[in-house]
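> Before anything else, here's the structure in question.
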Amino acid sequence: MIRRPRRATVALVALPFLVGCFSVTQTAVPRSLPERQELDLRGVVVVRPDDGSEEVLEFEEVHDVTWTPSSLSFVADVRQDGRTETVTRLVPITELRRVMVRQVDAGKTSLIVGGVIVATVALITFIVTGDRAAYLAN
């Protein structure tokens, strides 16, 4: 009798692979409001108006994001100096240099899917033939 794996077990095994498919990248601020609202925002790079230096705020968790035509308002947990703080901020678009967004990484996804396919073929070959030499040849 073959036991079917539970959904929770399958999810626990698949989760590290799915998480590996995503990466956080910096990109330019989209020009239109609808494009901005579609972003999976994970942080911002803000230029300080007083000295022109850049401040990078990478979010651990996002609680609220509101875009207007002229500003970005957010409430997010930010890790700085070894501790996590909840930051509430209103940033004018003119001070927003770049945004950090989560995107699917095609390279990692291809590598993971390829590895799963090769491992599956090797496992099936081993089970069907019972021959270690055939298993090691793949």
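A short reminder: the numbers here are calculations on the coordinates, not readings from a lab. None of the values given here were measured: they were computed from a predicted structure. Using ideal geometry, Cβ is built from the backbone for each residue, glycine included, and neighbour counts are taken over all protein chains shown.
> Test of understanding: what is the full-extension gain from THR129 to ARG89, defined as 0.36 nm times their sequence separation minus their Cα-Cα distance? Kindly include the intermediate steps, with their values, before the conclusion.
On the way: separation 40, 0.36 × 40 = 14.40 nm, distance 6.24 nm.
That pair, THR129 and ARG89, stretches by 8.2 nm at full extension.
> Let me ask you something else. Of the listed peptides 80-87, 38-45, what is their order by residue-averaged count of other C-beta atoms within 10 Å, with the highest listed first?
The peptides rank, most packed first, as 38-45, 80-87.
> For an R0 of 41 angstrom, estimate the FRET efficiency from the Cβ-Cβ distance between ALA28 and VAL116 and round to the nearest 0.05.
The value I calculate is 0.75.
> With point charges of +1 on the Cβ of Lys and Arg and -1 on the Cβ of Asp and Glu, referenced to the Cα centre of the stretch 23-103, which listed residue (VAL46, PRO34, GLN80) lies farthest in the positive direction of the dipole?
Going by the charge dipole, the pick is PRO34.
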